[in-house]
1. Of Leu122, His93, Ala27, which is farthest along the charge dipole of the chain in the positive direction, counting Lys and Arg as +1 and Asp and Glu as -1 at C-beta?
2. For Lys138, which aspartates and glutamates qualify as cross-link partners when the Cα separation must be under 20 Å and same-chain residues fewer than eight apart are set aside?
3. Is the C-alpha gyration tensor of the stretch 75-141 telling us rounded, prolate or oblate? Criteria: a/c under 1.5 is rounded; beyond that, a/b larger than b/c is prolate, otherwise oblate.
4. Dipole of the stretch 34-97, Cα-centred, from +1 at each Lys and Arg C-beta and -1 at each Asp and Glu C-beta, to the nearest 20 debye?
5. Given DSSP loops and a limit of at most 12 other Cβ atoms within 10 Å, what is the longest stretch of the chain that contains no such GluC sites (Glu not before Pro)?
6. Taking the Cα centre of the stretch 75-141 as origin, sum charge times position over the Cβ atoms of Lys and Arg (+1) and Asp and Glu (-1), and report the length of that vector in debye to the nearest 20.
7. Apply the Karplus parameterisation 6.51 cos²θ - 1.76 cosθ + 1.60, with θ equal to phi minus 60°, to every residue of the stretch 124-136 and state each ³J(HN,Hα) to the nearest whole Hz, in sequence, with x for glycine and proline.
8. So if I place +1 on the C-beta of Lys and Arg and -1 on the C-beta of Asp and Glu, and nothing else carries charge, what would the dipole magnitude of the chain be about its Cα centre? I want it in debye, nearest 20.
Amino acid sequence: MEKEKYRNMTISLKVAAEEKIMLKRLAEKYKVSLSEFMYNLVMCFKNQYDYIGMLSPREEKLAENLRLEKKKNAKLSVQIENAEFRVEMEMNHRIQIQNKNHELAYELKEQKAINTDQAEELKRQKEINQALVAENNKLRSQNRDQQLKHAVAGAVGILAGVSIKK
């Protein structure tokens, strides 16, 4: 016959009244006796006594992973902050360029209007000059005609004077 394991030995511990109430409530919550609840706790954590008040290797590994993740998050936060700053700088630069572009476009339109006015004035001056050239040519022509008439009259007067003397 096999050796059967019977739990017939008692181990006790001292607790405060509040602790006993808390442990009884936990046992009732899981629908076991206080004795069974305490047995399961002791058996479950019997090999972890070395880690009481310290982290188990698994917990240490998780803590290290958490620390690394926090470090990554901090680094990413800085990168996001830097990226947002760069984006803000680029947007401000783009706005400055747009404003300068608008100013140049306005100046260009103003200069175009001035050039149009100057072109119209130049065209009007050209028309005046053409009218003056035509008037000048007319006056020169009249002047030549007058000179020719005077020369003919003078020649006729000389010929008349010479013929009268003879």
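Just so it is clear, none of the values below were taken in a lab; they were calculated from the coordinates. Model, not experiment: these values are computed from the prediction. Using ideal geometry, Cβ is built from the backbone for each residue, glycine included, and neighbour counts are taken over all protein chains shown.
1. Working it through, the farthest residue towards the positive pole turns out to be Leu122.
2. Glu127
3. Prolate is the answer for the stretch 75-141, as a/c is 1.5 or above and a/b outweighs b/c.
4. My answer is approximately 180 debye.
5. 5-166
6. Dipole magnitude for the stretch 75-141 comes out near 420 debye.
7. Karplus-based 3J(HN,Hα) across the stretch 124-136 equals 5, 5, 5, 4, 4, 4, 5, 5, 5, 4, 5, 5, 4 Hz.
8. That gives a dipole near 540 debye.
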